[in-house]
There are 2 protein chains.
Amino acid sequence: MYVGKKVTRVDAYDKVIGRTKYTDDLCDKSAYIAQVLHSTIAHGRVVSIDTSEAEKIPGVVKVFTCFDLKEKHYFPTAGHPWSTDPGHQDVADRLVLTEEVRFYGDDIAAVVAEDEVAAAQAVRAIKVEYEEYPFVLDVQEAMKDGAPQLHEKYPNNILKHTTIRKGNYEEAIKEPGLTKVEGWYETPTVQHCHIENFICYAEMEGDRITVVASTQIPHIVRRVVGQALGIGWGRVRIIKPYIGGGFGNKQDILYEPLCAWLCMQLGGHLVKLDIPREDTFVSNRVRHSIRNHIISWVRPDGTYAARKLEAFSDQGAYASHGHSIVAKGAGAFPQLYPCDHVEVDAYTVFTNKSVAGAMRGYGIPQAMWAVECHTEDVAAKMGMDSLEFRRKNLMPVGYTDPFSKNELYSDTFNQCLDKAMEAIDYERKFKEYQNQTGDIRRGIGMSVFWYNTAVWPISLETSSCRMVLNQDGSLQVQLGETEIGQGADTAYSQMTADVLGVPLESVHVVSCQDTDVTPFGTGAYASRQTYTAGFAIRQTAMLLRERILKYAHELTRMPPYNLDITDGNIVRTTDGRELMTLGELATEALYSLTNSQHLSAESTSQIKSNAYSFGCTMAEVEVDIPMCRVKLLDIVNVHDAGKLINPALAEAQVHGGMSMGIGFGMSERLMFDPKTGRALNNNLLDYKLSTFMDHPRLKALFVENPEPTSAFGTKALGEPPTCSVAPAIRNAVYQATGVGVNEAPVNPHNLFRRFTEEGIF
Amino acid sequence: MYVGKKVTRVDAYDKVIGRTKYTDDLCDKSAYIAQVLHSTIAHGRVVSIDTSEAEKIPGVVKVFTCFDLKEKHYFPTAGHPWSTDPGHQDVADRLVLTEEVRFYGDDIAAVVAEDEVAAAQAVRAIKVEYEEYPFVLDVQEAMKDGAPQLHEKYPNNILKHTTIRKGNYEEAIKEPGLTKVEGWYETPTVQHCHIENFICYAEMEGDRITVVASTQIPHIVRRVVGQALGIGWGRVRIIKPYIGGGFGNKQDILYEPLCAWLCMQLGGHLVKLDIPREDTFVSNRVRHSIRNHIISWVRPDGTYAARKLEAFSDQGAYASHGHSIVAKGAGAFPQLYPCDHVEVDAYTVFTNKSVAGAMRGYGIPQAMWAVECHTEDVAAKMGMDSLEFRRKNLMPVGYTDPFSKNELYSDTFNQCLDKAMEAIDYERKFKEYQNQTGDIRRGIGMSVFWYNTAVWPISLETSSCRMVLNQDGSLQVQLGETEIGQGADTAYSQMTADVLGVPLESVHVVSCQDTDVTPFGTGAYASRQTYTAGFAIRQTAMLLRERILKYAHELTRMPPYNLDITDGNIVRTTDGRELMTLGELATEALYSLTNSQHLSAESTSQIKSNAYSFGCTMAEVEVDIPMCRVKLLDIVNVHDAGKLINPALAEAQVHGGMSMGIGFGMSERLMFDPKTGRALNNNLLDYKLSTFMDHPRLKALFVENPEPTSAFGTKALGEPPTCSVAPAIRNAVYQATGVGVNEAPVNPHNLFRRFTEEGIF
C-alpha cells in the first residue's frame, strides 16, 4: 500500500535537474510578444488613444486599443465551476480591453511585436487621453452615499451583502451579567507571489484556438475564453503544463482571453503574453483586505450569549470571485465557536484598487484573523486562559453544519491543541512569559482554524478520470484535477496504485492537462484535489480493475471473485498463486486474435459531500519594543486533514502555507497611493514577502482522523496551513506586550502606532 | 449526411497557409543534433572505430559507436501489429548500431553535437577499420550455394520460402492442345520519396522516454522502441504530429530506437535526428525489387489449364517486413485469374543492399506488373484481344477466397473496365493504333488489379476510439489510426458527424497521436484507415449516442426510442420537435447539480473481416522508337473502393497513387554499384522521380459497389491506385511497338535494350 507513505514525488527528478517544462519552455520562439498598456489613473474613461508613434517602432506588429473591440463579450474571471442557473453565475464584468478605467492598472491597450524590446518601447510610446473621475480606495468610504461609483449595477458599490441570523441577537444581549467585547480586525491586501508569473500563449488551428497557460483550472479557462471571444467553448483548447505556483491567483482567468483575442485578430499567429512581476501585483489578483467588526456578549462562565460580525471585504475594481470569499469567512464565524444568537453581515464592496480574487485560504485567513484575535481579546477581558476558553467554546464533537452537512467526527481540536502544546513546550513558556518587563519580551500565542474541503453544496463538485492500461501492465491516469506544485500527481499515483494493486512506478499520471482530451475536472482550488480526485480515481480504478479481472477470467477460467490484482500480478485469492502478470494480461488482451481489448476505463464522479479540516498554530515570539520588531522564535502547525496520502508532501504543503501565513501576519502589505490609487510597492524589493530567512524551523504535525465521507479518508490540506498562522503570531505578541495589533501585519509600522496608542514605550 | 460528400479537408486551411505543425516545427531549438555514420562497405565487420578526431570538434557532445552497446536488444522494424505467438512475430535482426555490416549504408556510429555543422564534421572525421567480406547484390545469385551469407540463421540467404499448391499442376499441363506462355518480369528498387524525410526527436521525462516522430504507426513504434531499449513498453511515449507523407516507409521503425537510445545515453537530453534525403534512399526502406517467373498453360478457347509463378523478392540486408510483401503478391496470383491447377513459389532473399520494406501497394504493384504484363503476353500469343481475354478469365462474381473469406460481390471488373474504356475512348484508339509503322507510334494498354483491405486474417485488426462531448455540442474524436496526408481525419469527421447526427464542424478529430492518451490503433498501412477506423468510429459514436439519449431521457422524460440526434439537436422522432440542442444537453449534463456526467465513450472494435478492392488502369502512350522514349498521352484509373467517404479526397488519393505508379512504370529505379554495393543515384537529381511535369491529366473514376462487410461500405483505396498503372503503360508500349518490356521501368535504357533485342530499330 502506498497511501500513507512518504514516497518520493513523481516529478522530483525532473524538477531537481531542471528538465520540467513550464509554459515559456514550450512556446515556440517564433511567437509574437504581447504587452499590455495599463491605465495611469484610478478611475475614469479613455477618451482617445494615439498609437501612431508606437506603430512606427520597428518590430511592432500591431497595437490594439479598447476601441478595437468590435463585439463586447463581457466575461467573468472567477475560476468557479459553471452553473446553468444564471443566478448562480459569476459576475461577467470584464472585457479583454476596457474604455472604462476602474483602477490604476486597468487594461486599456495591448501591443503585439516581434520581440520584447519593441513591445516595451511601443507600450511607452502610446499616448492616452482620459476623462478622470473621483475615486475611492477605502471599503467603508466606498459604501457611503455620494461615493464614486464603479459599476452602475451596484449602488453604493456593494457587490453583495449577505446576512446570517440565528436566534435573536437583540433579545439575547439583554441577558443580565454579560460582558461586551468589541473589536475591529483588519487584514491587508497581499499578493500570491508565485515564482512563475502568469504567462500564456495562443495559436489557432483551423477555426479553433489553443491557449497554453500557467493556470490551475484549464477546463474553466476553456469556458471563459469561449465566453470572452463569443465562440463555442468546444472551439477553445487549453493546455496546462507544469506551473510555478498559483495559490489562487491562477484560479482566476487572468490574461488568457486577451491573449486569445490578440491571436485571433492576427489571423491565428502565435502570440505570447508574459506578465511581469510589477503587473502581477497590480493587474492579476490580490487577497481581499477585509475589515471585520465583532461584538461578543460573554457570560461570566466564559460562554457566549450572543455574537455579531460585520465584515467589509474590499473587492477592488472588478467582481472576480467576489462575495464568495467573505461569505466563506463569515460562514465560518457561527460554526467555529457555536452560539445560539448570532448576527452576521458580510459586504463585498468595489473600490478603485487592484482586483481581489482567490488566494490560499479563500477568506478563512481573514476570518481567522478576526475571530482568533477577538477570541484572545475576549479571554483577556474575561480574565480567562485563552487556551481553556477555546477548549470550552470550540465546536463540540458531533457538531454538524446544517448547510454543508459537515460534521466534526472526533475530538480533533483538543488533539491538535495538545500536540501543538507539546511541540512548542507551551505550558512552560506560557508561564515563563507572564509579567515580563523590559524592552525585549517574549510571548506565546495560538489560533485554531476550520476549513471546508471542496465547494459542495455551494457549487458543483464533479471530477472525471480516465485510465489506460499499457502492454507492460503500467497505466496512464488522466484527470482534470491539476498538479500545481503541491504534489497532486504523486498523491494520485499512490491512490491509483493502491486501488488497482500495481506498483507505484507503474502509474503514470498525465500531468499536463489538454482540454481536448483530458477528462473534465475543474482544477486546483478549494483544497479539493486529493478529496475530489480521490473519488474519481477510486471509482475509475475499480472500473478498470473489474474489466481486468473479467478479462483474467476469460484467460484463466477462474471466477472473477476468486481473482485479485496484487503488486501487478493477477492472483488467485484462494491459494495466492500468481496466475500471470498484469503486463501479460494486458498484452494478451490487446493483441488477442480472439478478443482484442484495449483495456481502459473512464468515469465521472459527482461529489455531494464536503468535509471539515481542522488545526491550529502556536507561535512563540520575541518583541523588541523600542524597535517595534517581532522575531518569530518558534512556530508549529498541527493539522487534521484526515488520512494523509503522503506525509512528506503533507509536511511540505504545511511548510509552504506557514511561510505564507507568516508573511501575511508579519510583513506583507500591498499599499496604494491615496492621491492617485497607484500601487506603491508592487515589486519584490519593496513588498516584504516572507522568505526562508524570516522563518524559524517550521514545525508541521498531524492528527489523522480519517474522514469518513472521503474516498481515501483525506480532506483539505492545501489551504489550511495558511489560515491560523497570523493570529497566533499576533496573540503571541499580545501575550508578550499586552498590546493587540488588530490590523495585520504585525510589522514595525503597525506596532509603532499601537505601542504609541497604548503608551508602553 | 456527410459521408459520400466532397467536403473540404478539415486540415486544408492550416496546410494551405503553412500553419500545420510537423515534427521539426515542434522540436525545441535546444535539441542536440544527431547524425548517423553509415558503413562504406557492403558486407563485413567493423574492427575498430577511431572517434578521437571527431570528439575534438567544437560542439560535439559525444560520439557513440557500435561498440558502445552494452546490452544488445535486437528488434524488428516492420510496422505490424504485435503477435503474442513467437512464430508470428517479425524477425528481430536490428540493433541501433551494428558491428556487422550487411549493406553499404549500415548504421555503425552516431554523433551527437550541438549543431548540424559540428555533427556533420564529426561524422566525416570518424575513422573506421573494417574486415571486408564478399557481398552479393542479385536475388537469385544470393540463393546459390557458396554465395556470401548475410544472416547465419538463414541458409542460402532465404528469409522465407512459401508455396501454394492447388490442383495438380504437373498432371494438368499434360492436357493436349495447350499453349505454354512463359515470361520473366522484374520490378525495380524504388523509394517512397515522401516530401518530409524521416525525422524524430527524443527526450526523457522521469524514467520515461518520449519520441516525437514522423511515423504512420505511433502505437507500433512505442512497442518497438521498448523492445530496442529493453524497457517496458509503457515507459515509452510516442507522439505523431502531422507528417509530410509516408507511403509505407514510415510504416517501418526507422531511427526512433537509435534516437531514443542516444537520448538515454545522454541522461535524457533532447536529441533530434533528421535524416537527409541521401540517407533516406539508402538507409530507410525501399520497395522490394521482385523477379517473377510465370508459366501459363492456355487452352485454345483462352482459358487457363494450369499456371505457375516463381517470385524472388529482394529483401536487402535486413528482414523488415520481409516475406509478407511477396507473399501478398503471390497470394493474389491464384485469385485474380482463378485456375484449377496452380503452383506458386515465393522466396524472400537477403542481399547486401538497402533494406526493402513496406511501400504503397505492398507487393501488389510488383505482382500486377508480372501478372498483367504476362496476361498481355498470353493474349498476344493466343491471338486474342487482351481485354476480352481478361473479361473471360478474371475472378467471377461470387468468387470467395477461402483464406480471407473475401468475396467478389458484384460485376465490378467489367464495370471498371467499361468506365475506363469510355473515359479513354479505348475502342476507337485501340483500332486506330493497329498496324502502325514509322518512328513514332501510339498504343493503348491496360491492367487490372485486386487489393486486400487491412490485414485480417493474417494479423490482428483492432482499433479503439474515444469521443468526448464538449459543452457546445462539439466533440473530440481520438483514434490510433493516423492522418498521414491522405485525409483520414476528414473522413473520420464525416463518419462521426453522420453516426452521431451533428454538423461536420462540430467534430474535432485529434490529429496528433500521443500513445499516452490516444486509444490503441495500429496506424496507417494496408489501406486500412477508413475501413478499420470506420468500425471503431461507428461503434463508439453509437455508444456515445446511446449515452446522450439516455441523458436526454432524464431531462425530457421522453423514452429514448422516441429520441434522436439530428443536426446537433435532440429531436423527438414522433413529431420532429427539437427538444434542445446537443450543446444545451451537454452543458446541463456537465454542470448538473443533480447528475453531472462528462459524456464520453470509448471502445475497441476488433475486425475479423477483410474486403477486396478492385480496379483498372488504361493508358495511352506515344513511343519515339529511335529515341527510346515514351510519352504518356492519357491515363485513367477506375476504382471500386466501395462507398466513397469523400469523393474529392478519393480522387486526390488516386491522383497521388497514379503519379507513383507512373514513376514506377516509366522512370524510377535506385541503382547500386556492382563493384561496391553503393547506391548510385540516391538523390532527387539522379533518381528520376515522377513529377507533375511527367503526367498528362490524371483521370480518376469510380465504381461504387458498397462493401457489405464494412461499417460505412468503404474499403481499400490508399494503395490500390498505384497497383495497375505500370503494367498498363507497358502494355500500351507493347501495343504501339510489339515489344514487351518485362523489366520495369519502361525507360529509355530498358527500351533500348529491348528494341535492340527485338531488332526493331
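Taken along the Cα-to-beta-carbon direction at a fixed 7 Å, the label points for residue B:145 and residue B:608 span 4.8 nm. Shown is the FRET efficiency for residue B:152 and residue B:697, computed with R0 = 56 Å from the Cβ-Cβ distance and rounded to the nearest 0.05: 0.60.
List the distances, in nm to one decimal, from the label point of residue B:124 to the label points of the same position in every other copy, shortest first, placing each label point 7 Å from Cα along the Cα-to-Cβ direction. Reported distances to equivalent positions: 4.7 nm. Applying 0.36 nm per residue to the separation of residue B:440 and residue B:543 and subtracting their alpha-carbon distance, the gain on full extension is 30.8 nm.
Other residues lying with their Cβ under 13 Å from the Cβ of residue A:673 contribute a combined charge of +2, Lys and Arg counting +1, Asp and Glu -1. Its Cα centre serving as origin, the range A:374-496 has a Cβ charge dipole (Lys and Arg +1, Asp and Glu -1) of approximately 380 debye. Annotation: the antiparallel percentage among DSSP beta bridges lying fully within chain A is about 80. Solvent-accessible surface, computed for protein heavy atoms with a probe of 1.4 Å, shrinks by 20 Å² or more for the following residues of the range A:511-542 when the other protein chains are added to the isolated chain: A:516, A:517, A:520.
Each other copy holds its own label point for residue A:384; taking that point as 7 Å from Cα along Cα to Cβ, the gaps run 11.3 nm, nearest first. Looking at the range B:283-379, the DSSP beta bridges with both ends there are about 50 percent antiparallel. Residues whose amide H comes within less than 5 Å of that of residue B:316, counting only those at least five positions distant or on another chain, are B:351, B:353, B:356 (H built at 1.01 Å from N in the peptide plane). To the nearest 10, the accessible area of residue A:235 is 70 Å² with a 1.4 Å probe. Which whole-number percent gives the relative contact order of chain B, counting Cα pairs below 8 Å spaced six or more residues apart? Relative CO of chain B lands at 16 percent. Measuring nothing but how far apart in sequence close Cα pairs (under 8 Å, 6+ apart) lie, relative to its length, the range B:238-359 scores a relative contact order of 31 percent. Label separation (residue B:180 vs residue B:671): 3.5 nm, computed from points 7 Å beyond Cα along the C-beta direction.
When you restrict to C-alpha pairs under 8 Å that are six or more residues apart and normalise by the size of the range B:284-440, the relative contact order lands at 22 percent.
Relative to one another, the C-alpha centroids of the range A:661-705 and the range B:657-717 are positioned 69 Å apart. 3J(HN,Hα) along the range B:254-268: 9, 10, 4, x, 4, 4, 5, 5, 4, 4, 5, 5, 9, x, x Hz, from the Karplus curve 6.51 cos²θ - 1.76 cosθ + 1.60 with θ = phi - 60°, whole Hz, x for Gly and Pro. Using the Karplus relation 6.51 cos²θ - 1.76 cosθ + 1.60 with θ = phi - 60°, the per-residue 3J(HN,Hα) values for the range A:50-57 come to 9, 9, 4, 5, 5, 6, 7, 5 Hz, with x marking Gly and Pro. Legend: calculated FRET efficiency, residue A:388 to residue A:684, from the Cβ-Cβ distance at R0 = 56 Å, rounded to 0.05, equals 0.85.
Please work out the Cα center distance from the range A:22-65 to the range A:729-761, rounded to the nearest Å. One Cα centre to the other: 45 Å. Stretching the chain fully between residue B:132 and residue B:21 yields a gain of 35.6 nm (0.36 nm per residue, less the alpha carbon separation). In the range A:454-475, burial by the other protein chains removes 40 Å² or more of accessible area from A:460, A:466, A:471, A:472, compared with the chain on its own (1.4 Å probe, ligands and nucleic acids ignored).
Sorting B:460-466, A:17-23 by average packing, meaning the other beta carbons within 10 Å per residue, from highest down gives B:460-466, A:17-23. Each Lys and Arg Cβ is given +1 and each Asp and Glu Cβ -1; about its Cα centre, the protein assembly as shown then shows a dipole of about 1120 debye. Restricting to the range A:462-606, compute how many DSSP beta bridges are antiparallel as a %, nearest 5. Just about 85 percent of them are antiparallel. Of the residues A:92, A:59, A:113, the one whose Cα sits farthest towards the positive end of the charge dipole of the range A:55-117 is A:92 (charges of +1 on Lys and Arg Cβ, -1 on Asp and Glu Cβ, taken about the Cα centre). Remark: the range A:587-600, residue by residue, has Karplus-estimated 3J(HN,Hα) of 5, 4, 4, 5, 9, 4, 6, 8, 9, 7, 9, 7, 6, 8 Hz, where x stands for each Gly or Pro and the curve is 6.51 cos²θ - 1.76 cosθ + 1.60 at θ = phi - 60°. In this structure, residue B:12 and residue B:562 have a Cβ-Cβ separation that, at R0 = 30 Å, corresponds to a calculated FRET efficiency of about 0.15. Evaluated with a Cβ-only charge set (Lys, Arg +1; Asp, Glu -1), the range A:462-606 carries a dipole of roughly 400 debye about its Cα centre, given to the nearest 20. Which percent of the accessible heavy-atom area of chain A goes to carbon and sulfur, probe 1.4 angstrom? Taking all protein chains in place, chain A shows 51 percent carbon and sulfur surface. When shorter helices are ignored and each DSSP H run of at least 4 residues is given -39500 (n - 2.57), the per-residue value for chain A at 222 nm works out to -8500 deg cm²/dmol. Largest accessible area first, the listed residues B:558, B:627, B:1, A:204 line up as B:1, B:627, B:558, A:204 when surface is computed with a 1.4 Å probe on the assembled protein chains. Report the B-A buried area as the accessible area lost on both sides summed, probe 1.4 Å, in Å² to the nearest 100. By this definition, chains B and A bury close to 4700 Å².
The amide H of residue A:516, built 1.01 Å from its N in the peptide plane, has A:238 as neighbours under 5 Å, considering only residues 5 or more places off or on other chains. The distance separating the Cα centre of the range A:158-188 from that of the range B:564-595 comes to 49 Å. Residues within the reach of a label modelled at residue B:161 (point 7 angstrom out along Cα to beta-carbon, backbone nitrogen below 14 Å), restricted to the range B:324-347, are B:344-347. Distances between equivalent label points of residue A:648 across the copies, with each point positioned 7 Å along Cα→Cβ, amount to 5.7 nm, shortest listed first.
The values are calculated or read from the model by the stated rules, or taken from the named source; none is laboratory data. Just so it is clear, the structure is predicted and the values come from calculations on it, not from any experiment. Glycine gets a Cβ as well: all are built from the backbone with ideal geometry, and neighbour counts include every protein chain shown. Just the protein is used for accessible areas: all its heavy atoms, side chains included, with ligands, DNA and RNA removed. Shrake-Rupley method; radii C 1.70, N 1.55, O 1.52, S 1.80 Å.
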